[in-house]
Amino acid sequence: MGTSKSVFWDDLARDLEDPEFLREYVVESVRISTIDQVVNALNDAREAAGLSKAALARAISARPAAMRRLFSAGQVNPTLGTLAEVAAALGMRITVEPLPIADREQVTTPLLEGRSADTQTLVEHLTGMRTPRRREPALI
């Protein structure tokens, strides 16, 4: 198993030498991380408010299945409009904030330059960003 993992990482490191691939990899990693963080924060707020997924769906005139998918599916890609509606129903809003300095150095520079001085560190950093972290429930 160790050999196949090594082959994967070797292939990924080689692929990341292509500026277009590197940009797509970084953008997709940040997109997944961002959506996961927003959806998890909204779900924490929903639970703290004692709202069921069905009640939240009714509040924004959505189908209950849409809320179940949003909060239960492994991979979701909600629109910003949907996230804003859910947030509003929970007394919240979606905001944009600067990345922490360490993230900016690891994410923004490769996006702008199309290359990374250390692709292994880049991959490890992006993987860390994509790893879900359980947070304390949001206070309402």
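The values are calculated or read from the model by the stated rules, or taken from the named source; none is laboratory data. Predicted model only: the values in this text are computed from it and were never measured. Neighbour counts run over all protein chains shown; Cβ positions are idealised from the backbone, glycine included.
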- Query: Does segment 49-74 hold any residues that are under 18 Å from the mean Cα position of the chain (by Cα) and among the polar types (S, T, N, Q), and which are they?
  - Reply: SER72
- Message: Going by what's in this entry, would GLN106 be described as exposed (fewer than 15 other Cβ atoms within 10 Å of the Cβ), of a type outside the set (Val, Ile, Thr) and modelled with pLDDT under 90?
- Response: no
- Task: Have a look at VAL86, VAL38 and point out the one that is modelled with pLDDT under 95 and either surrounded by 15 or more Cβ atoms within 10 Å (Cβ to Cβ) or aromatic (Phe, Trp, Tyr) (or both).
- Result: VAL38
- Task: Consider LEU80 carefully, then state whether it is loosely packed, with under 15 Cβ neighbours inside 10 Å and among the aliphatic types (A, V, I, L, M).
- Result: yes
- Message: Considering only residues that are within 17 Å of ALA84 (Cβ to Cβ) and among the polar types (S, T, N, Q), which ones fall in segment 17-43?
- Response: THR34, GLN37, ASN40, ASN43
